[in-house]
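Visitor: I have a structure here, written as structure tokens, and I will follow up with some questions on it.
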């Protein structure tokens, strides 16, 4: 059970002639997460930023913010922002993990009991997602605990972003349905899709079909750090502007169009539109309770994976997000009051630049095939079976291995013996920096923090029921795909993210003090005048 500290009471300012009244406290918390955003984006694009990002840049910016866990995936990043604790505690260690009970891959927000919502009710034949795997309260839960009338709405391109940044006691979470298009939700949040969402969904196809995506500031970006529009390492096929959306397929098939929207600026535009409608429909920020709006912008991630962080595509979606956020913020100013809401801007993870571009800068970046490690794991699996019995290896993934604990108990095997055997056989894979064992991770103690920084990071990503028994940390600058780039490593380029605040209580200027993403939740709660949990990992930023 989380223990809450006493609310942070407004300070009364003494003045001549009596007591000066304090301004009305904030009534809305807004968290903006730009998936895969790196701090350099705000620096390099600052001359062209004029909207929502400009508000943050003119307010309070923390230049040295990091996720302090090793597995820099979308899910643990958003869960950390939303809960103020590390993955080892909130339980969302990665986008997916191997279930020890079934030996199958479990999705971070997967829930066999959840069903999709339609305008008429629950769609019993279509599965959905929920926050059931989240082990601790998140921001929406804390607001409900402080005032049952608080409203929490989370809207994002990805289900795991919307769900894990808000918590379990949430009024509505929406995300884009990539297979067919439109925004959907889960039976976790209600009995039917809200009518206003269903009405919006009716118009997305004609708005999106054959949409021509052209650069917002074509020819005006000299000095922005944006690389050439056609670079080695980008995906094959049409790689330059303009990009055109497909038509719906035969018989009204919208799958290709739904996927295209998700990988274009339209996904952010549509997310912001729904956020604006939610503000109005739920009268957010208009009463004495503090409400919470989460907005997850996903285009930077989908396009960054394909084209890299310094591509024309990523630059364009960020500039469009800047303008779109300003439209949303103006609506909040009018509906809530300019000084009655607080906001934070951050990201779930960073990204590695395209290896081809990094090599031009003299860095040892390389593309690798996981076939090498796959062959080594297969060989090791045979040797494990010969030495310890069939079925000892429960499962293998690109991040690690899981052994059958039941087989080890039956065979009276010491876990260290099995772990050391496997580590010895895999130690020759040249792109693995280090292999962590369950024994090593379970023996970690925060009392030795800083003695082994890589172990510290991996231990914060470790959960005994969900993590691998052996966890791989790959060497820096490695990408395991034929084109594009990725993230997920413990290295700074994947963990360093932007962090900025605006609204009452912000300290104008830029700080280079190192801070963690776990600090977002307590800082937002504090600045909204709400109770701050005493047993979280983050701290209130001054």
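Read-outs throughout are calculated quantities, based only on the coordinates presented, and are distinct from any laboratory measurement. Given the structure is predicted, the values throughout are model-derived calculations rather than measurements. Cβ sites come from the backbone with ideal geometry, for glycine too, and all protein chains shown count toward neighbours.
Visitor: Could you give the length gained by full extension between residue 58 and residue 255, i.e. 0.36 nm per residue of separation minus their alpha carbon distance, to one decimal place?
Guide: On the way: separation 197, 0.36 × 197 = 70.92 nm, distance 4.09 nm.
Difference between extended and current length: 66.8 nm.
Visitor: So what's the gap between the Cα centers of the stretch 23-57 and the stretch 82-96, to the nearest angstrom?
Guide: 24 Å
Visitor: Same structure again: Using Cβ counts within 10 Å as a stand-in for footprinting exposure, how do 328, 135 rank, fewest first? Let's see the in-between values first.
Guide: Values: 328 21, 135 18.
Ascending Cβ contact count within 10 Å gives the list 135, 328.
Visitor: So what is Rg over Rh here for the stretch 389-487, counting just Cα atoms and using Kirkwood for Rh? Spell out each step's value before the answer.
Guide: Details: Rg = 14.7 Å, Rh = 14.8 Å.
Value, to two decimals: 0.99.
Visitor: Can you give me the distance in nm between label points at residue 145 and residue 241, each placed 7 Å from the Cα along the Cα-to-Cβ direction?
Guide: 4.7 nm
Visitor: Same structure, new question: Let me have the relative contact order for the chain, percent, based on Cα pairs under 8 Å that are six or more residues apart.
Guide: Values: 1161 pairs, mean separation 159.0, N = 542.
So the answer I get is 29 percent.
Visitor: Continuing with the same structure: Over its Cα atoms, what ratio of radius of gyration to 2.2 N^0.38 Å does the chain give? List each step's numbers first, then the result.
Guide: On the way: Rg = 23.7 Å, N = 542, 2.2 N^0.38 = 24.1 Å.
For the chain, the normalised Cα radius of gyration is 0.99.
Visitor: Let me understand the stretch 309-357 better: what is its radius of gyration from the alpha carbons, and its Dmax, in angstrom?
Guide: 15.4, 48
Visitor: From the P(r) of the stretch 43-199, could you give the percentage of C-alpha pairs in the tail past 26 Å?
Guide: On the way: 4395 of 12246 pairs.
That tail contains 36 percent of the Cα-Cα pairs.
Visitor: Among 361, 168, 158, which comes first, second and so on when ranked by fewest other beta-carbon atoms within 10 Å? Could the numbers behind the result be given before it?
Guide: Numbers: 361 8, 168 16, 158 26.
Ascending number of Cβ neighbours within 10 Å: 361, 168, 158.
Visitor: Rounded to the nearest 5, what % of DSSP beta bridges with both residues in the chain are antiparallel? Spell out each step's value before the answer.
Guide: Values: 36 of 66 bridges.
Antiparallel: roughly 55 percent of the beta bridges in the chain.
Visitor: Related question: Between 0 and 90 degrees, rounded to the nearest ten: what's the tilt of helix 266-281 against the longest Cα principal axis of the chain?
Guide: 50 degrees
Visitor: One quarter of the convex hull surface, Cα atoms only: what value does that give for the stretch 57-143 in nm²? Walk me through the intermediate numbers first.
Guide: Working: hull surface 35.5 nm².
Mean orientational projected area (the stretch 57-143, Cα hull): 8.9 nm².
Visitor: If you don't mind, there's one more thing I want to ask. Roughly how many nanometres apart are two label points built 7 Å out from the Cα toward the Cβ at residue 331 and residue 199?
Guide: Computed distance between label sites residue 331 and residue 199 equals 1.3 nm.
Visitor: Also, I was wondering about something else. Over the stretch 72-138, what is the mean sequence separation of C-alpha contacts under 8 Å (at least six apart), divided by residue count, expressed as relative contact order in percent?
Guide: Values: 96 pairs, mean separation 20.3, N = 67.
Answer for the stretch 72-138 is 30 percent.
Visitor: Distance between the C-alpha centers of the stretch 329-344 and the stretch 119-187? Whole Å please.
Guide: 23 Å
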